[in-house]
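The values are calculated or read from the model by the stated rules, or taken from the named source; none is laboratory data. Here the structure is a predicted model, which is why all the values come from computation and not from measurement. A quick note on method: Cβ atoms are made from the backbone with ideal geometry, for glycine too, and the neighbour counts reach across all protein chains shown. All accessible areas refer to the heavy atoms of the entire protein, side chains included, with ligands and DNA or RNA removed. Shrake-Rupley method; radii C 1.70, N 1.55, O 1.52, S 1.80 Å.
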Amino acid sequence: MDRKLKIAVLFGGCSPEYGVSLQSAAAVLRHMDREKYEPVMVGISRNGDWFHYTGPVSRVGDGSWNSGEICAPAALSPSRSRAALLVFEERALRRIHLDAAFPVLHGRNGEDGTVQGLLELAGIPLAGCGVLASALCMDKDRAHRLVRAAGIDVPESFTARRADRETLERAEEIGYPLFVKPLRAGSSFGITRVMERSALPAALEAAFAYDEQAIVEAAVPGFEVGCAVLGNDVLTVGEPDEIALAGDFFDYTEKYTLKTSAIHVPARVTPDQRRRIQENAKAIYRALDCRGFARVDQFLTPEGRLVFNEVNTIPGFTAHSRFPNMMKAAGLSFERLVSAIIELAVTP
């Protein structure tokens, strides 16, 4: 190829995970092969406004990117015959041709199929999961139903709304401890481990702050194991990792600071368990129609049973994040990983 591919890297977004997205996007930009790809940086403000950003990558990471002199309002062209970013400059409209887009967005309005739909309508090749997989994986209840139908164990659970009158009674049927989670949210926002009935109403309110529905889910004994998956038709899996908890669960603080928790790569499991974690991850990835890349999280119980937790279709991409570190342990550097993800998007 005589020219570099222009890859739109989308970051920010009107989601509680805005800051996480900035850190991930900065790492992706730093590890992108500039001999093959030319990044087109597209920042989305907390209010949902789109900008073409032309400043240094460091200002993406530190959150100071949204400044007038290095940003211009932008939008995706809806014309499928001319895949482009439209940049609204002071006295002109400029088109930047795009060969693909790499959304590095976390949570709702970025990881839930909405941005993916916009890109697919515009005819822009997408790095990562498409509309269906993104929407399914964000919805914990529907993801669990499909994974169960594929023959993989899932936690006992039910969904709840504010108006529901039988939530307390249904929770008693599951038994305590249990978890209450927003149905569609990420980074452990709004999640509470509930030890007794009296604490359930407050946990539900915490979840409803992030979504109109909550999922009430049985606590699974054991520990969480993750597996990075990469590919479309042929799948590559990373070395599984293991979360060693000191507290009740892997909440937002622990995910991004590891103050009392630890992540072990590779996971401290037997060779047979490692193989089953990887095979289950591939089966889950396919059951939910994933493409490009995703991180599949499961629980490993003391009896050696694997139970599905969730799929993260745009996992963290910092140098310390689980997905790139699992791939690194399997022999794929961060630079090669970013290139592989882009090639999966642009290769027919």
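What the Cβ-Cβ distance of ALA199 and THR301 gives, at R0 = 22 Å and to the nearest 0.05, is a FRET efficiency of 0.35.
Rolling a 1.4 angstrom probe over the protein heavy atoms with all chains in place gives the chain an accessible area of 44 Å² per residue. The stretch between ARG46 and ALA149 holds 33.3 nm of extra length on full extension. This uses 0.36 nm per residue minus the Cα-Cα distance. Using the charge dipole of the chain (Lys, Arg: +1 at Cβ; Asp, Glu: -1 at Cβ; taken about the Cα centre), state which of VAL87, VAL9, CYS227 has its Cα farthest towards the positive end. The one lying farthest along the dipole's positive direction is VAL87. By accessible area, using a 1.4 Å probe on protein heavy atoms only, the chain has 49% of its surface on carbon and sulfur. Calculated FRET efficiency, THR270 to THR54, Cβ-Cβ distance, R0 = 51 Å: about 0.50 to the nearest 0.05. Quick check: Cα centre of region 29-57 to Cα centre of region 131-200, how many Å? If you average the Cα positions of each part, the centres end up 35 Å apart.
Note the full-extension length gain between ARG162 and ARG142 as 0.36 nm times their separation in residues minus their Cα-Cα distance, in nm to one decimal.
5.3 nm
A compact globular protein would have a Cα radius of gyration near 2.2 N^0.38 Å; the ratio found for region 171-222 is 1.03.
A simple count of charges around ILE174, restricted to other residues whose Cβ falls under 10 Å of its Cβ and scoring Lys, Arg +1 and Asp, Glu -1, yields -3. In terms of the mean number of neighbouring beta-carbon atoms within 10 Å, the peptides 273-281, 93-101 order highest first as 273-281, 93-101.
What's the whole-number percent of alpha carbon pairs in region 128-209 lying beyond 14 angstrom? Tail of P(r) above 14 Å: 66 percent of Cα pairs. A cut-off of 5 Å between modelled amide H atoms, ignoring neighbours fewer than 5 places along the same chain, links ASN309 with ASP297, GLN298, PHE299. In terms of its C-alpha gyration tensor, region 289-348 has a prolate overall shape, because the principal axis ratio a/c (a ≥ b ≥ c, square roots of the eigenvalues) is not below 1.5 and a/b outweighs b/c. Look at the alpha carbon pairs under 8 Å that are at least 6 residues apart: their mean separation over the length of region 125-253 gives a relative contact order of 23 percent.
By a 1.4 Å probe calculation restricted to protein chains, LYS282 has an accessible surface near 60 Å², given to the nearest 10. One chain, two ends: GLU90 and ALA209. Fully extended at 0.36 nm per residue, the span grows by 38.9 nm beyond their Cα-Cα distance. In terms of the ratio Rg/(2.2 N^0.38 Å) built on C-alpha atoms, what value belongs to region 1-128? It is 0.97. When the Gaussian network model of the chain links Cα atoms closer than 10 Å, the mean-square fluctuations of ILE191, ILE44, ILE70 top out at ILE70.
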